[in-house]
Each structure stands twice: as C-alpha cells, then as structure tokens.
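Engineer: Provided herewith is a single structure, encoded as structure tokens, for subsequent inquiry.
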Amino acid sequence: MRSIWALAIKDLRMMSRDRMGLFFTLAFPIIYAVLFGSIMSGATGGGGGARVTIAAADLDGTEPSKELLAALEGAKGLSLIRAADADEARALVRTRKAAGALIVPAGYGEAAGRPFWGEPARLELALDPSRQAEGGMVQGIITEQAFKRFQTLFSEPGAMRKVARDALASLDTAPADDQARLAPLRAFLGALDGLFTSDVTSDDPANPGGTARFEPVRIDVREIEAKQRTGPRSAFEISFPQAVAWAMMSASFGFALSLVSERMRGTLTRLELAPMPRRNVLLGKALACLIVNLVVVSLVLAVGVLFLGVRPTSLPLLGAAIVSGAIGFVGVMLLISVCGRTQASVSGIGWGVMLVLAMMGGAMVPAVFMPGWMRSAGAISPIRWAIEAMEGAFWRGYSPAQMLTPCLVLVGIGVGGTLLGIRVFRFDAGKA
Amino acid sequence: MLAVQELSKSFGARAAVNGVSFEVGPGEVFGLLGPNGAGKTTIAKMCVGLLRPDRGSVRVGAGGFTPPANEAKRCIGVAPQDLAIYDELSAEENLRLFAALYGHTPKESAARAREALGAVGLADRARGLVKTFSGGMKRRLNFAAAILNDPEVVLLDEPTAGVDPQSRAGILDLVRGLKQRGKAVVYTTHYMEEAQRLCDRVGIIDQGRLLALGTVPELIAAHGGPETIVLGRDDGEERIETTDPLNDLARLLAGERGRGARTIRLERADLESVFLRLTGRALRDE
C-alpha cells in the first residue's frame with residue numbers, strides 16, 4: 001500500500017507542477033460543465049432555451065397574415081427576421097442567417113377567412129437542407145400558430161357567425177348543378193350559424209366561447225418537482241448530471257495519457273525495477289485518478305452551487321453517486337491507458353471510446369433521439385449510469401434502494417476495468 | 001555477487017545474445033564493452049529482470065536470486081542510460097519516491113534520499129526541480145537512484161554519456177567509492193580510456209558473443225598485437241611491428257632505414273586497439 005500511495009502522490013505532484021496539464025484537468029471540466037450545462041438546459045427548455053431563426057416575407061399584407069407573423073414573433077423557440085420580399089428571405093437562408101424562409105403569398109388572408117370551402121390558405125417554407133432538424137421544429141411552430149388562429153376563431157361567436165354566413169353566401173353563387181353536391185355543407189354551415197347564434201355560446205368576455213369553444217384537448221404541462229425542494233430550481237440543475245459526467249471523463253482522460261507518457265520517457269523502467277507487484281503501478285495511477293476526479297467534481301459542484309443555483313436533493317446520495325461514478329471512470333481510464341503504445345494511439349483510442357460512450361450514454365444526444373438498439377447498448381456506458389446516479393441525487397429524488405443499481409453498475413465497471421487493465425498491462429510489450 | 005551463465009536471447013531470427021557467461025565479485029568493477037548493437041544493453045536488461053533470457057541464467061546477490069524476483073531487485077541498483085527520473089519532481093522527491101517503492105517508511109525514505117544526494121554532491125540542490133538541472137547533474141541523480149537502497153550489485157549503463165569532464169571525473173570517483181565499499185559494479189561504456197582506468201576486468205562483446213574476457217593487461221597481452229616503431233620522415237611515416245622494441249630500434253638507427261628519420265615513436269597496444277582488433281573497424285548500425 002505504501003508504494004501505491006507514493007505513486008499516487010507522485011502523479012498528483014507532477015500534475016500540480018504542469019500548469020497546462022492542471023488547466024486541462026481542473027479548469028477544462030468546469031468549462032465543459034458550464035458549456036454542456038448551457039446547451040443541455042437550452043435543450044430541456046430552461047435557461048432561455050434554443051431559438052431557431054427564420055426569415056419571413058409577407059406578400060399578402062392582410063390582417064390574417066400580419067396576425068400570423070406577429071404570433072410567430074412571439075412564439076417560444078423562434079426568432080423572426082422580417083424580409084421585404086421572397087428573394088431577400090431566401091437569400092438570408094443561403095447566407096446561413098436563417099434556417100428557413102417563410103413566405104406568406106398573396107391571397108393568404110382571403111383563404112384563411114374561409115376555412116370550410118375553396119382552396120386552403122397556403123404558406124411557403126424554404127428550408128436550409130443542412131438544417132433539416134431545425135426545419136421540422138419550424139414547421140411545428142408555424143402549424144401551432146396557424147391552429148391557434150383557428151382556435152381563436154372558434155372562441156369568438158361573432159367572428160364564427162360571420163365566417164359561416166359568408167360561406168353560405170358564397171354557396172349561393174355556386175352553379176346550379178353543384179347545389180345538390182353542396183347541400184351537406186350548406187346544412188353544416190347553417191347548423192354552425194345556428195350554434196353560434198344560440199345561447200349555448202356567449203360573447204361574454206369572462207367566458208369566451210362558452211361551451212362551444214374549439215379546444216379538442218387542454219394539456220397542462222408541468223415538470224416533475226424535485227423532492228425536498230427548498231428554493232427555485234435552476235435550469236442548470238437538470239443538465240448538471242451530464243456536466244459532471246463530462247468533468248469526470250475529462251479528468252480521467254489525462255491519466256490515461258500519463259501511463260504511456262511514462263513509458264515514452266523511460267520512467268516506467270524505474271518503476272519496473274522496483275521490488276513491487278506490477279499491479280501497484282496501475283493502482284497508484286488509479287488512486288491518483290480517483291482523487292483528482294473527486295477534486296474536479298467537487299470544484300464543478302462548487303461552481304454549480306455558488307454561481308448556477310444548483311442544489312442537490314440528497315448530499316449522502318450525491319456523495320455515493322460521485323464516488324461510484326469516479327470509480328467507474330477510473331476503470332475505463334485504466335483500460336484505455338494500457339491499450340496503446342504511444343501517446344497518439346492512447347489519445348486516439350481514448351477520445352474514440354469516450355465519445356462513443358458519451359453518445360451512447362446520453363451525454364451528447366438526448367436518449368429520446370436514439371434508435372432503440374442504441375438506447376439498449378447505452379447500458380454498457382458508464383456515462384449513462386453516472387448520469388442516472390447524479391440525476392437521482394440532484395432532482396429525481398431517488399431513494400437509497402433506487403440509487404443502488406446505478407452505483408453498483410458504476411463500481412462494477414470500475415473494478416472490472418481495473419482488473420482487466422492490470423491483466424493486460426505490460427511494462428514493455430516487446431518483452432518475451 | 002553477479003553470476004551470468006550461458007545467457008542467450010533472440011529477437012525473431014536475430015540472436016542478440018549468444019551463450020554469454022561472466023561473474024562479478026564483491027569490490028570488483030567489471031567493464032562490458034562492445035560496439036553499438038553488440039548486445040550490451042540486452043545483457044544488462046536480463047541482469048536486472050527487464051528481459052527474460054531464452055536460455056541461461058542470472059544469479060544476483062549473496063542469496064543467488066534470479067531476476068525479476070523481488071529479492072533479486074533488492075540486490076541490484078540500476079542507472080539506465082536513458083535517464084529514468086521525473087523532471088517535474090525535485091531531486092529529493094525523486095529519491096524519496098524510489099525509496100518508498102522499496103517499502104521504506106517516509107522517514108527512512110527521506111534519510112536515504114539525503115544520504116544518496118550527499119554522496120553524489122547534490123545535497124544543496126535537493127529541492128531543485130530536475131528539469132532545471134544540467135545533463136551532468138541529472139546523470140549524478142540517476143546514479144544516486146541506483147545506490148539509494150545500498151544494493152550489493154550496481155549496474156551502470158553508459159553513466160558518463162554526454163556529461164562534462166568535471167561531472168565525468170565525479171562519476172568515476174563515485175564508482176571507485178562503490179568498489180571500496182565492496183560493491184560489485186557492472187559498467188558499460190564506449191570510452192576505452194575510462195574502462196582501462198576504472199575496470200578490474202573487461203568483457204568485450206560483439207554480435208551477441210563474448211569475444212574476450214580478462215584484466216586489461218591480460219587482454220592487451222592476448223589481443224593487443226605487437227608494439228610498433230613509427231619512423232617519421234619528410235615523405236611520411238614508416239611503421240615497423242616488433243616484439244623486441246629496444247634491440248630492433250638500435251638495429252634500425254644503426255642501419256640505412258633509420259638514417260632519414262626525423263622522429264621516432266614507439267606505439268604500445270591499449271584497450272582501444274584490443275577492441276578494434278577484436279571487433280573490426282567497420283562502422284556499425286544499431
């Protein structure tokens with residue numbers, strides 16, 4: 001144990017004297033944490049959120065077209081740039097200033113005013129082909145705003161009566177041959193007019209729309225409340241588990257390189273000459289890595305608590321999550337460190353493995369966007385379990401029994417990785 | 001102290017070491033000489049357990065332990081040619097770490113580090129970071145790491161490579177000190193003059209085979225060849241090999257051949273001429 005401790009102290013001393021290394025080990029995880037926290041909090045709807053910018057050209061200039069664009073300007077997640085015409089709007093997309101160009105063509109207002117007959121109101125949306133994901137989001141927001149107008153129409157009996165009566169008047173002008181075919185529509189519009197004239201509906205502003213209000217379903221969106229919450233929740237809190245996972249991954253990665261660095265500089269030979277078991281070299285690294293992980297995570301948490309309003313729900317469970325997470329990442333680090341012979345190879349293997357694990361573990365892309373097989377495969381990623389354990393301690397309000405699974409998996413990954421690393425480790429692969 | 005018997009090691013089809021045997025006793029400095037790629041480093045690595053021999057054996061210390069057993073590691077101290085010290089640590093921190101790896105308590109480690117630093121003349125730079133040291137100071141620290149645990153056998157691989165004359169003289173004095181303290185020293189070097197001054201016995205190795213083994217006078221007598229009388233003339237030099245220099249010189253001076261000579265020099269064989277005679281003059285690649 002004395003030699004393991006001496007080796008760990010050596011690594012910690014060397015790290016403390018290498019300013020660049022110290023920056024990458026301590027400060028970089030905090031930068032990671034804040035950056036990923038910001039990104040993730042945007043993705044989860046807090047902290048201001050992500051906004052997609054679109055360019056809009058109103059070629060109609062009617063009241064409905066103006067109302068639509070005004071509604072889009074106020075829509076959550078959307079930012080609107082007004083363009084004078086369609087060409088200017090498309091140019092903004094080509095120059096990447098907007099993800100799409102919305103063109104409201106002439107005639108939109110007229111078509112929007114007669115929803116039950118004739119050609120429907122049309123909009124043109126030109127999308128940047130490289131930003132299809134944002135395009136889908138934009139389509140959703142535009143559709144939502146258009147339906148809101150329809151909903152408003154139904155909630156105002158006077159307006160609805162006018163629509164119904166205008167439509168009936170238009171039917172009167174239809175050719176005589178078509179009158180039989182249009183009879184069901186005439187009956188429907190008549191009934192609609194009757195409905196919005198009856199006392200079932202009301203123009204009372206306190207009860208707009210009365211019982212005939214058009215609202216197929218009302219969804220009240222609420223976020224799951226954390227247990228034992230004493231203050232307002234920070235958007236960062238939701239994203240902090242990912243941030244902490246990135247911090248541990250980043251801190252561990254430096255150690256994966258240090259073993260091969262010793263091999264290249266010849267100091268590994270000195271360790272090989274010492275009368276101690278081969279495993280002590282790796283266990284010394286593991287101990288130093290564990291200590292650094294705990295320090296880095298403590299720093300990241302301190303930044304979160306002091307500056308970002310992060311408050312864990314259970315300190316003991318958070319401690320368990322951090323320790324088991326650190327053990328898990330130490331195991332992965334040791335395994336990576338023994339896989340390459342040069343810094344370039346370990347670096348390549350390390351980043352490759354870490355990025356894949358991060359992707360599969362949900363630290364880069366939310367799990368909901370992953371195919372089913374990838375979500376299942378994510379079970380092998382310590383990042384996935386580290387995030388679950390952290391979330392359990394931060395806001396999911398896990399009980400100790402619920403925390404047991406992610407913590408045990410992480411410790412298992414750590415112990416397994418360490419044992420496998422010790423088995424694979426050779427001072428010199430060229431040795432017979 | 002160190003007994004090497006019929007040591008052999010191949011890398012693929014190439015035999016790096018082939019049936020090498022030698023022994024080094026207490027208070028003896030044994031020089032291992034050879035051109036680049038001769039097999040010196042491979043032998044040294046097998047002696048300390050960094051490589052396993054294909055055939056043959058190595059026994060270290062009074063107990064006759066076989067490397068890489070921990071008992072053998074405790075008996076042998078090594079100063080590798082490639083400095084094996086941490087630049088980011090101080091001299092004292094390096095030695096305290098190495099002592100701790102031998103199982104010493106922090107207090108014992110500190111005491112051993114101080115003693116070793118004093119022995120190599122680095123006591124006043126104990127807290128200096130190694131990266132601020134000169135090449136000679138680093139070599140001395142590397143040396144200190146080898147003697148830190150008071151081993152029975154000390155293996156020094158090119159300990160004076162790339163150091164200034166002062167540091168070289170200091171290191172040679174340290175080796176003599178080891179000899180006086182009864183240590184068995186294995187010393188590999190390219191410097192023939194150094195080996196001739198320092199080593200009690202020398203083994204010359206080439207292409208994995210031990211070509212010659214003995215004291216320096218024995219090697220010169222056996223492999224140095226005859227002495228040479230060199231007559232300097234206006235148009236160049238005439239070299240005449242001789243086994244009886246005094247009589248041959250008197251005969252030359254009395255005769256026609258000696259009349260035109262402006263200078264007369266007697267060249268005697270040394271370790272370098274033995275080395276070149278045994279290993280040839282062809283340039284070697286590693």
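Engineer: Tell me yes or no: at least one residue of segment A:133-156 is over 25 Å from A:Ser79 (Cβ atoms) and not in a helix (DSSP H, G or I). So that I can check it myself, show each step before the final result.
Structural biologist: From segment A:133-156, those over 25 Å from A:Ser79 (Cβ atoms) are A:153-156; that's our starting set.
Okay, now just the ones that are also not in a helix (DSSP H, G or I), so A:156.
Checking segment A:133-156: at least one residue is over 25 Å from A:Ser79 (Cβ atoms) and not in a helix (DSSP H, G or I).
Engineer: Does A:Ala99 count as of a type in the set (A, V, I, L, M, F, W, C), out of contact with any Phe, Trp or Tyr (no Cβ under 6 Å at 6 or more places or on another chain) and assigned by TED's automatic domain parsing to the domain that holds A:Leu59?
Structural biologist: Numbers: of a type in the set (A, V, I, L, M, F, W, C): yes; out of contact with any Phe, Trp or Tyr (no Cβ under 6 Å at 6 or more places or on another chain): yes; assigned by TED's automatic domain parsing to the domain that holds A:Leu59: yes.
Considered against the rule, which asks whether it is of a type in the set (A, V, I, L, M, F, W, C), out of contact with any Phe, Trp or Tyr (no Cβ under 6 Å at 6 or more places or on another chain) and assigned by TED's automatic domain parsing to the domain that holds A:Leu59, A:Ala99 comes out as yes.
Engineer: Filter segment B:148-166 for residues that are open to solvent by less than 20 Å² (accessible area, probe 1.4 Å) and within 13 Å of chain A (Cβ to nearest Cβ) and give the result.
Structural biologist: Result: B:Leu148, B:Pro151, B:Val153, B:Val154, B:Leu155, B:Asp157.
Engineer: Report yes if A:Leu271 is at pLDDT 80 or above, open to solvent by less than 20 Å² (accessible area, probe 1.4 Å), within 30 Å of B:Glu71 (Cβ to Cβ) and within 14 Å of another protein chain (Cβ to nearest Cβ), otherwise no. Walk me through it before giving the result.
Structural biologist: Numbers: at pLDDT 80 or above: yes; open to solvent by less than 20 Å² (accessible area, probe 1.4 Å): yes; within 30 Å of B:Glu71 (Cβ to Cβ): yes; within 14 Å of another protein chain (Cβ to nearest Cβ): yes.
Here the answer is yes, as A:Leu271 does meet what is asked.
Engineer: As an exercise: evaluate B:Ser8 against (1) among the polar types (S, T, N, Q); (2) within 14 Å of chain A (Cβ to nearest Cβ); (3) open to solvent by 20 Å² or more (accessible area, probe 1.4 Å) and give the number of the one condition it does not meet.
Structural biologist: (3)
Engineer: Here is a check on your reading of the model: is A:Gln242 more than 14 Å from every other protein chain (Cβ to nearest Cβ), open to solvent by less than 30 Å² (accessible area, probe 1.4 Å) and at pLDDT below 85?
Structural biologist: Details: more than 14 Å from every other protein chain (Cβ to nearest Cβ): yes; open to solvent by less than 30 Å² (accessible area, probe 1.4 Å): yes; at pLDDT below 85: yes.
Here the answer is yes, as A:Gln242 does meet what is asked.
Engineer: How do the pairs read when you match residues in segment A:1-20 that are more than 7 Å from every other protein chain (Cβ to nearest Cβ) and open to solvent by 30 Å² or more (accessible area, probe 1.4 Å) with residues anywhere that are part of a helix (DSSP H, G or I) and of a type in the set (Val, Ile, Thr), using Cβ under 8 Å and keeping only pairs 6 or more apart or on different chains?
Structural biologist: Partner pairs satisfying both residue conditions: A:Leu12/A:Ile291; A:Leu12/A:Val292; A:Met15/A:Thr25; A:Met15/A:Val292.
Engineer: If you don't mind, there's one more thing I want to ask. Would you mind finding the one in A:Ala71, A:Ala89, A:Ala75 that is in a loop (DSSP other than H, G, I, E, B) and either open to solvent by less than 20 Å² (accessible area, probe 1.4 Å) or touching a residue at least 60 places away in the same chain (Cβ under 8 Å) (or both)? Steps first, answer last, please.
Structural biologist: Details: A:Ala71 fails: in a loop (DSSP other than H, G, I, E, B); A:Ala89 fails: in a loop (DSSP other than H, G, I, E, B).
Only one candidate passes the filter, namely A:Ala75.
Engineer: Could you tell me which residue of segment A:354-377 is nearest to A:Leu410 (Cα to Cα), considering only residues that are surrounded by fewer than 19 Cβ atoms within 10 Å (Cβ to Cβ) and touching a helix residue (DSSP H, G or I) at 6+ places or on another chain (Cβ under 7 Å)? Steps first, answer last, please.
Structural biologist: First, pick out the residues of segment A:354-377 that are surrounded by fewer than 19 Cβ atoms within 10 Å (Cβ to Cβ): A:355-356, A:359, A:364-377.
Add one more test, that the residue is touching a helix residue (DSSP H, G or I) at 6+ places or on another chain (Cβ under 7 Å), and what stays is A:364-367, A:374-375, A:377.
Working: A:Met364: 19, A:Val365: 21, A:Pro366: 20, A:Ala367: 19, A:Met374: 19, A:Arg375: 17, A:Ala377: 15 Å.
Once the filter is applied, the top-ranked residue is A:Ala377.
Engineer: Which of the following residues is within 14 Å of chain B (Cβ to nearest Cβ) and open to solvent by 10 Å² or more (accessible area, probe 1.4 Å): A:Ser314, A:Ser261?
Structural biologist: On the way: A:Ser314 fails: within 14 Å of chain B (Cβ to nearest Cβ).
Being within 14 Å of chain B (Cβ to nearest Cβ) and open to solvent by 10 Å² or more (accessible area, probe 1.4 Å) holds for just one of A:Ser314, A:Ser261, which is A:Ser261.
Residue-wise test of (1) in a helix (DSSP H, G or I); (2) buried (at least 18 other Cβ atoms within 10 Å of the Cβ).
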| residue | (1), (2) |
| --- | --- |
| A:Met390 | yes, yes |
| A:Tyr398 | no, yes |
| A:Leu404 | yes, no |
| A:Leu408 | yes, no |
| A:Gly417 | yes, yes |
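Engineer: Consider B:Thr132 carefully, then state whether it is of a type outside the set (Phe, Trp, Tyr), within 23 Å of B:Ala84 (Cα to Cα) and within 16 Å of the chain's Cα centre (by Cα).
Structural biologist: Details: of a type outside the set (Phe, Trp, Tyr): yes; within 23 Å of B:Ala84 (Cα to Cα): yes; within 16 Å of the chain's Cα centre (by Cα): no.
No: the conditions fail for B:Thr132.
Engineer: Regarding segment B:124-137, can at least one residue be identified that is within 30 Å of B:Gly64 (Cβ to Cβ) and part of a helix (DSSP H, G or I)? Let's see the steps before the verdict.
Structural biologist: Pass one, segment B:124-137, residues within 30 Å of B:Gly64 (Cβ to Cβ): none.
There is no residue in segment B:124-137 that is within 30 Å of B:Gly64 (Cβ to Cβ) and part of a helix (DSSP H, G or I).
Engineer: Follow-up question, since we're still on this one. What number goes with the only condition from (1) open to solvent by 50 Å² or more (accessible area, probe 1.4 Å); (2) closer than 15 Å to A:Ala57 by Cβ that A:Pro129 does not pass?
Structural biologist: That leaves (2) as the condition not met.
Engineer: With in contact with a Ser or Thr (Cβ under 6 Å, 6 or more places away or on another chain) and either within 30 Å of A:Ser16 (Cα to Cα) or of a type in the set (A, V, I, L, M) (or both) as the only criterion, which of B:Leu32, B:Leu117, B:Leu2, B:Leu50 stands out?
Structural biologist: Values: B:Leu117 fails: in contact with a Ser or Thr (Cβ under 6 Å, 6 or more places away or on another chain); B:Leu2 fails: in contact with a Ser or Thr (Cβ under 6 Å, 6 or more places away or on another chain); B:Leu50 fails: in contact with a Ser or Thr (Cβ under 6 Å, 6 or more places away or on another chain).
Sole residue among the options that is in contact with a Ser or Thr (Cβ under 6 Å, 6 or more places away or on another chain) and either within 30 Å of A:Ser16 (Cα to Cα) or of a type in the set (A, V, I, L, M) (or both): B:Leu32.
Engineer: Something else about it: Taking segment B:54-96 as the search range and keeping residues that are among the β-branched types (Val, Ile, Thr) and in a loop (DSSP other than H, G, I, E, B), which one is most open to solvent (accessible area, probe 1.4 Å)? Spell out how you get there, then give the answer.
Structural biologist: Our first condition is that a residue be among the β-branched types (Val, Ile, Thr); within segment B:54-96, this holds for B:58, B:60, B:66, B:76, B:78, B:85.
From what's left, in a loop (DSSP other than H, G, I, E, B): B:66, B:85.
On the way: B:Thr66: 62, B:Ile85: 12 Å².
By that ranking, first place goes to B:Thr66.
Engineer: How about segment A:283-301: which of its residues are hydrophobic (A, V, I, L, M, F, W, C), open to solvent by less than 40 Å² (accessible area, probe 1.4 Å) and more than 14 Å from chain B (Cβ to nearest Cβ)?
Structural biologist: A:Ala286, A:Cys289, A:Val292, A:Val296, A:Val297, A:Val300, A:Leu301
Engineer: Out of segment A:81-121, which residues are at pLDDT 90 or above and on the phi > 0 side of the Ramachandran plot?
Structural biologist: Of everything in segment A:81-121, nothing turns out to be at pLDDT 90 or above and on the phi > 0 side of the Ramachandran plot.
Engineer: Turning to a different aspect of this structure: Going through segment B:97-112 one residue at a time, which ones are more than 8 Å from every other protein chain (Cβ to nearest Cβ) and open to solvent by 40 Å² or more (accessible area, probe 1.4 Å)?
Structural biologist: Selection gives B:Pro106, B:Lys107, B:Glu108, B:Ala111, B:Arg112.
Engineer: Tell me, which helices (runs of 4 or more DSSP H) lie completely within segment A:237-343 with 1 or more residues that are among the small types (Gly, Ala, Ser) and closer than 22 Å to B:Ala84 by Cβ?
Structural biologist: Numbers: elements: A:267-273, A:279-307, A:315-337.
Here the list reads A:279-307, A:315-337.
Engineer: Of the conditions (1) open to solvent by less than 50 Å² (accessible area, probe 1.4 Å); (2) in contact (Cβ under 8 Å) with a residue 60 or more places away in the chain, B:Gln180 satisfies every one except a single condition; which number is it?
Structural biologist: Checking B:Gln180 against (1) open to solvent by less than 50 Å² (accessible area, probe 1.4 Å); (2) in contact (Cβ under 8 Å) with a residue 60 or more places away in the chain, the one that fails is (1).
Engineer: How many residues, within segment B:223-237, are open to solvent by 70 Å² or more (accessible area, probe 1.4 Å) and outside any strand (DSSP E or B)?
Structural biologist: Qualifying residue count for the region: 2.
Engineer: Just checking, which of A:Ile413, A:Ile387, A:Ile349, A:Ile383 is more than 24 Å from the chain's Cα centre (by Cα) and modelled with pLDDT under 90?
Structural biologist: Values: A:Ile413 fails: modelled with pLDDT under 90; A:Ile387 fails: more than 24 Å from the chain's Cα centre (by Cα); A:Ile383 fails: more than 24 Å from the chain's Cα centre (by Cα).
Being more than 24 Å from the chain's Cα centre (by Cα) and modelled with pLDDT under 90 holds for just one of A:Ile413, A:Ile387, A:Ile349, A:Ile383, which is A:Ile349.
Engineer: Here is a further query. Take segment B:77-89 and flag every residue that is in contact (Cβ under 8 Å) with a residue 60 or more places away in the chain and either charged (D, E, K, R) or more than 8 Å from chain A (Cβ to nearest Cβ) (or both).
Structural biologist: B:Gly77, B:Ala79, B:Gln81
The values are calculated or read from the model by the stated rules, or taken from the named source; none is laboratory data. Just so it is clear, the structure is predicted and the values come from calculations on it, not from any experiment. Reconstructed Cβ throughout: ideal geometry from the backbone, glycine too, with neighbour counts over all protein chains shown. Side chains are part of the model used for accessible areas, which takes the heavy atoms of the whole protein and leaves out ligands, DNA and RNA. Shrake-Rupley method; radii C 1.70, N 1.55, O 1.52, S 1.80 Å.
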